[in-house]
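Input: a single structure, listed below in structure tokens.
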């Protein structure tokens, strides 16, 4: 039954693209780019920064769009001559604990039932992955497990997770993989077969951590 339901949802992607309204989209852009050597959010590929590339992907899918980041981010946007008035900036509630801070900060902010989160450094990610993740809002977590590797991001996270995440943080547990593997509520792990049916490739999930990754 679960597999049939998954196939039915995949088929719906063939319909005309309409902006998603009941699920938000957010870019996690609070990293420090330690391995990259500079602020990779503003590194350009074919004339566009990584941040701008990810913004374009979310614009094609979601009506409500957010960026989770640190304070003074607007100054950096201005310095790099980037304007994104259609994105609401959410400051990370916690510092130096990784993407889990951005996730709970955005979930506390949005009026929608949940949010699809993407990193700022995944420029090859196809939009169809975002549409796919947004269709499973009956779950609290939707993430990928490809070739034995857990991908918490990109993923869908619902507002129902806020108490669980806050408790994890209070206990000093910051790993999203811990959340995906230990959450006892409604979650969906998407494997290779379903991923391939989307026409996606594992290379699409590549993060740009160093210059050589481009």
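The values are calculated or read from the model by the stated rules, or taken from the named source; none is laboratory data. Computed from a predicted structure; not experimentally measured. A quick note on method: Cβ atoms are made from the backbone with ideal geometry, for glycine too, and the neighbour counts reach across all protein chains shown.
Could you list, in sequence order, the residues of the range 111-164 that are assigned to a loop (DSSP other than H, G, I, E, B) and closer than 16 Å to residue 29 by Cβ? Give the derivation first.
Let us first name the residues in the range 111-164 that are assigned to a loop (DSSP other than H, G, I, E, B), namely 111-113, 120-126, 135-140, 147-148.
Listed by number, the residues that qualify are 120, 121, 122, 123, 125.
I'd like the residue in the range 74-110 that is surrounded by fewer than 14 Cβ atoms within 10 Å (Cβ to Cβ) and in a loop (DSSP other than H, G, I, E, B) and, out of all such residues, is farthest from the chain's Cα centre (by Cα).
Going through the qualifying residues, I end up with 81.
When you check residue 151 against the structure, is it in contact with a strand residue (DSSP E or B) (Cβ under 9 Å, 6 or more places away or on another chain) and either free of Cβ contacts under 8 Å to residues at least 24 places away in the same chain or within 25 Å of residue 51 (Cβ to Cβ) (or both), yes or no? Give the steps one after another, and end with the answer.
On the way: in contact with a strand residue (DSSP E or B) (Cβ under 9 Å, 6 or more places away or on another chain): yes; either free of Cβ contacts under 8 Å to residues at least 24 places away in the same chain or within 25 Å of residue 51 (Cβ to Cβ) (or both): yes.
Judged against the criteria, residue 151 is a match.
Taking the condition in a helix (DSSP H, G or I) and modelled with pLDDT of 95 or more, does residue 25 pass? Spell out how you get there, then give the answer.
On the way: in a helix (DSSP H, G or I): no; modelled with pLDDT of 95 or more: yes.
Judged against the criteria, residue 25 is not a match.
Answer yes or no as to whether residue 167 is touching a strand residue (DSSP E or B) at 6+ places or on another chain (Cβ under 7 Å) and either outside any strand (DSSP E or B) or touching a residue at least 40 places away in the same chain (Cβ under 8 Å) (or both). Explain how you work it out, then say what you get.
Values: touching a strand residue (DSSP E or B) at 6+ places or on another chain (Cβ under 7 Å): no; either outside any strand (DSSP E or B) or touching a residue at least 40 places away in the same chain (Cβ under 8 Å) (or both): yes.
No; evaluated as a whole, the condition is false for this residue.
Do any residues in the range 66-86 that are within 19 Å of residue 117 (Cα to Cα) have Cβ atoms under 6 Å from those of residues that are at pLDDT 90 or above and in a helix (DSSP H, G or I), where the two are at least six apart or on different chains, and which pairs are they?
66/106; 68/102; 68/105; 68/106; 84/55
Considering only residues that are out of contact with any helix residue (DSSP H, G or I) (no Cβ under 8 Å at 6 or more places or on another chain) and at pLDDT below 90, which ones fall in the range 57-80?
Keep residues of the range 57-80 that are out of contact with any helix residue (DSSP H, G or I) (no Cβ under 8 Å at 6 or more places or on another chain), which gives 59, 63-64, 70-75, 77-79.
Hits for the range 57-80 are 70, 71, 72, 73, 74, 75, 77, 78, 79.
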